[in-house]
Each structure stands twice: as C-alpha cells, then as structure tokens.
Protein chains: 2
Amino acid sequence: MAQPRIPRERSLTYGLVETLGQLIVTGAFATQPFPTEGELSRQHGTSRSVTREAVKMLTAKGLLRARPRQGTNVTVESQWNLLDPDVLRWLLERKFSLQLLAEFTEMRLAIEPAAAALAASRADREAIEQIRAGLERMHAASQGDDEPVAADIAFHTAVLVATGNRFFAQLDPMINTALRISIRFTNRIKGRAADIAQHEEVLDAIVAGDGERAALAMRALIGEVLELIATAQAPPAARRGGRSSA
Amino acid sequence: MAQPRIPRERSLTYGLVETLGQLIVTGAFATQPFPTEGELSRQHGTSRSVTREAVKMLTAKGLLRARPRQGTNVTVESQWNLLDPDVLRWLLERKFSLQLLAEFTEMRLAIEPAAAALAASRADREAIEQIRAGLERMHAASQGDDEPVAADIAFHTAVLVATGNRFFAQLDPMINTALRISIRFTNRIKGRAADIAQHEEVLDAIVAGDGERAALAMRALIGEVLELIATAQAPPAARRGGRSSA
DNA sequence: CTGAGATTAATAATCATATAATATGTCCGG
DNA sequence: CCGGACATATTATATGATTATTAATCTCAG
C-alpha cells in the first residue's frame, strides 16, 4: 500500500510538460497525430487534470493548439516561442543545430553590445561590482577554482542587469539558457583563457563610462563566437581533412 | 432553464487570465493577499479547473507563484515576463508609464537597426515585397485610406521577418503589442506624415543591400521616438508653460 | 529562556468522474 | 449537387474527494 516515495524535484505537471516538450520539438508527432487527452493520461499515468494543465502550458509556449472535436495539434515550428527558455533549451539540447545557434548568436550581437553601452552610461556601484564579480569568477575558473560556464554566464547576466532596463534584464533567462549550450560548443573549439582579456576590456569601458568602447568590445567578443560557428557550418570541402558530408 | 447564451469570444479560462492579469499589474493585490483557489472560484463564478488553469498560465507568465500551504502569491515585479505580449499589454494599457515606454524604445533601438542590417544582406524578393507593402500602407494611411497604426506595424514586422532569423521574428508579437500603444502616444505629439520618408530610406537601403545605411536609417527613426518620450518625461519646469507637477 | 524536533493545519496538487460545448463529418431530402 | 439536420469525438467545464507539502505552532529537554 505504501507508495514508492519517488522524490520528484518538480511537480507531475512540470515533469509532463518537460517530457512532452522534448517529444514535440524532436518531431515525435510529425507523422503520428498528437494523442488525445485521455490517451495522454493513460500513456503517462497522470490524471486528466495534470494532463490538461501540461497541455495548457505547452499551448502558452506556442507548441500546441487545442480545439474541441478537432483535438490537440502540434503547431508549425515558426509559432514556437523561442524566447521561452524551456522551448529554447529543448531545441538546443534535443535537436541541436548550428543554424539555430548562429541565429541566436546573431541576436546576441544586437542585444549585448547595446546593453554594454547602456551599462556604461548608467551602471551604479552595485551593478559594476556584479560585473566585476563575474569577471573574477572567470579568472578563478581559468585556475580551476570555479565553474567556467557559470562564471561566463554571471558576467553577461550582470551586464544585462546593469542596463537598468527591464527589457534587457528580461532577456537574461533566455540568453543564459542558450549560452549554457553555446559555451559547451565553443569550448570544444577554443580555450577560454584567451578571451578573459576581452571581457576585461568590456568592464574597463563600462567603469570608464565609455559606452562606445564597451559596445565595441562586446561586439568583438560575440563576433568571434559567431565566426567560430560560421566556420563550423562551412561546407566540409572548405576545411582541410573534413569528412565529406554526403 | 435555458442558459443566457452569453457569446464569449474566448474561453472562460482565458477570460479569467485576462481579468486577473490586469488586476495583478495594477497592484490590486499589493496590500491584500492573493485569494486562495476556492475564493477565486467563488469570486469569479468559475470552476476550480478553470481557476487552476488560469493560475497556471499566470504562473508561466511570471506573475504568480503557487506553493502548498503558503498559497498563491504575486511575484515581485522584476520577475514579470515583459517579453510576454499579454503582460506587456496589461502594463501599458492599465498602468501606463513613460518610463516603461522609454525602456521599450531603448530595446527597439538595439533590435531593429540590427534587423534592418540583416534584412539588407539577406532579404529575398518576397520579404522585400512585404516591407514595400507596409510602406505603401503608410502612404495610403496618410491619405486616410488605411489605418496608420496597422500600416506602421506592418512595416516593422516585415523587417523583422526579413532577417530570416527566427529570434528576431519571435520578437515581433511583443514589439507589435507595445508599438500599438507607443504609436498612440507619439501620434499625439507629432504627425505621421513626416517620417514616411525615413521609412522609405530604410527600404531603399535594404533593397540596395546596404546594411549599414539601413541600420542608420532605422536608428534615426527610433531615436526620434525615444527623444520624444524623453522630452515628455523631462521635469515640467524645463518646458514652457507646463503645469507644475505638485 | 532557547532551540531542536515533533505536531498540526492550511493550501495547493492530484485524482476520478460527470456534464456541457463545439467542431467535424455524414447522411438524407430536395 | 447542395444545404441543413443529426451523430459523434474531443476538448472545456464542473465538482467532490484524497494526497502532499510546508509554514506555523507546540513540546520539551537543556
């Protein structure tokens, strides 16, 4: 009679959202129709309440659309809300593509230099301390005393917050999510130590209140990432010794 | 026994989301605690299912947080997802502030010039036709033959889509929502006819494939809006004949 | 008095079931 | 061939009961 006491770090509903979200983005329902409410409940052993709420959340993320009698359907990919950290994470983790990573980096190239410039003109002492703390974590990480990915993310988050602009700050969860996967990729290509100096340049410019220089430094930083991705995307024939792709 | 047949354009759940969302952003629960599940059902005459699903959607938008025993609470404003069109609309319509509008425009200033540059380098014939169509609607609107707000929005949407970058395209619903209110404001300050030429410059640059010029033109366009807002925000003493604010 | 640990109680989370509303297709009469 | 009545599948809504979680309270040894 005693339930197995499965400790779940999240509720049943969120667990189901996670499971279904990953299935959807990987195209599990591209050929077969999306299950009906009752079928979902049976397949995943959850009540209809839980099922319904999970479907509702996925609808809010733009992945599903439910209508009476017609059933629940997966929407076309262009309607998926990439700005939602969950959706973005599912795509990058379960259906990774350099193309998507390139598009994401392209957007960072628009956002973050502007954020650095705003930070230079407006960051208060506390905000600058946060940026500095991120940089110091990167230094520590290069010595093996901190987690390099977390350190890098802390730096970029601090810059976004330092803008004092709520919209830039709101982009943080999404950028953090993608950055985590992005770094995983770029780390395989080049060492981290090299660009700590570039991050330092960004901080210096912000402290000096020089928005233009801060933007340029940030642009250089992200531009390099974009180039790395573009290189990896280039047809293998253009690279030495690459395996032919077909 | 016949139900009153109230035609509801949206479901009960979405109606409740709308109602509660507006109440939350206007601070209706700043002093009093947020009602419990059962109380909400009674107050709004909806079932617990509907109530729960509405709460879940507002949780996804970052406005609420529900925990057993503690109840459901309104989160701190910094956690509200401004990138969600609903949240943004509620804020701008029900709790308008020039400060928020300024921050939004600041972000457009980062996004849209970059989008214009990308469009210049990548837009295909179809995408350019969409931008041109938007511009032509603006012309028509200046003659009273179209809706000026819709025309302006169509133009900016077309540029975002023309980037071929899914992230820029995804920003569209949010920018559209805020633009609708933004234009309502700036229209009160200046006539629209003046800046059609500037929009034309953006299109010309994109057609010519000149990303830098396209970005500059777009930046000028949005920069003017930001200046308008900044002027309106300036302390009344700095303006001629303004009423004292206290 | 104090603090750690056990107990209680309030509330969301989940489950189960029933009814209503709404599209979608089918069939029949014209 | 067409249009409307009707059947049907599925989501939407409603309701009551049970379970899990956790803040608050109480207990009691120190």
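The values are calculated or read from the model by the stated rules, or taken from the named source; none is laboratory data. Quantities reported herein were computed from a predicted structural model and do not represent experimental measurements. Every residue, glycine among them, receives a Cβ derived from its backbone with ideal geometry; neighbour counts consider all protein chains shown. The protein model used for the area step is the full one, side chains on, heavy atoms only, and it has no ligands, DNA or RNA in it. Shrake-Rupley method; radii C 1.70, N 1.55, O 1.52, S 1.80 Å.
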Placed amide H near B:Leu64: partners under 5 Å, 5+ positions off or other chain: B:Thr59, B:Thr75
Under Karplus coefficients 6.51, -1.76 and 1.60, residue-wise ³J(HN,Hα) of the stretch B:177-187 in Hz, glycine/proline x: 4, 6, 4, 4, 7, 4, 4, 4, 6, 5, 4
Starting from the 7 Å offset along Cα-to-Cβ, what nm value, one decimal, do you get for the label separation of B:Gln99 and B:Asp145? 4.5
Using amide H atoms built 1.01 Å from N in the peptide plane, name the residues 5+ places from B:Gly71, or on other chains, whose amide H lies under 5 Å from its own. none
How would you rank A:221-231, B:213-223, highest first, on the average number of other Cβ atoms within 10 Å across their residues? B:213-223, A:221-231
Where trypsin sites (Lys or Arg not before Pro) fall in DSSP loop in the stretch A:60-158, at most 10 other Cβ within 10 Å: A:Arg69
What does the average come to when, for each residue of peptide B:98-106, you count the partner chain Cβ atoms lying within 10 Å of its Cβ? 3
Can you list the distances in nanometres, one decimal and ascending, from the B:Asn176 label point to the identical position in each other copy, with the point 7 Å along Cα to Cβ? 3.0
Using θ = phi - 60° and the Karplus form 6.51 cos²θ - 1.76 cosθ + 1.60, what ³J(HN,Hα) does each residue of the stretch B:152-161 get, whole Hz, x for Gly and Pro? 4, 5, 4, 4, 5, 4, 4, 5, 4, 5
From the phi angles alone, apply the Karplus equation (6.51, -1.76, 1.60; θ = phi - 60°) to the stretch A:214-223 and give each ³J(HN,Hα) in whole Hz, x where the residue is Gly or Pro. 4, 5, 4, 4, 5, 4, 4, 4, 6, x
Two decimals is fine: what is log10 I(q)/I(0) at q = 0.06, 0.08, 0.10, 0.13 Å⁻¹ for the protein assembly as shown, from a Debye sum with one equal scatterer on every Cα and no solvent? -0.32, -0.57, -0.91, -1.47
Name the residue from A:Ile229, A:Gly211, A:Gly134 whose Cα lies farthest towards the positive end of the charge dipole of the stretch A:96-235, charges +1 on Cβ of Lys and Arg and -1 on Cβ of Asp and Glu. A:Ile229
Go through B:Val161, A:Val25 and list them by solvent-accessible area, largest first, probe radius 1.4 Å. B:Val161, A:Val25
At B:Ser78, label 7 Å along Cα→Cβ: distances to the other copies, nm, ascending? 3.8
With a 1.4 Å probe and all protein chains kept in place, how do A:Val149, B:Val159, A:Val74 rank by accessible area, largest first? A:Val74, A:Val149, B:Val159
Run the quick spin-label model on B:Val76 and A:Thr19: label points 7 Å from Cα toward the beta carbon, then report their separation in nm to one decimal. 3.6
Straight-line reach from A:Lys95: which aspartates and glutamates fall under 17 Å, measuring Cα to Cα and dropping same-chain residues less than 8 apart? A:Glu18, A:Glu77, A:Asp84, A:Asp86, A:Glu103
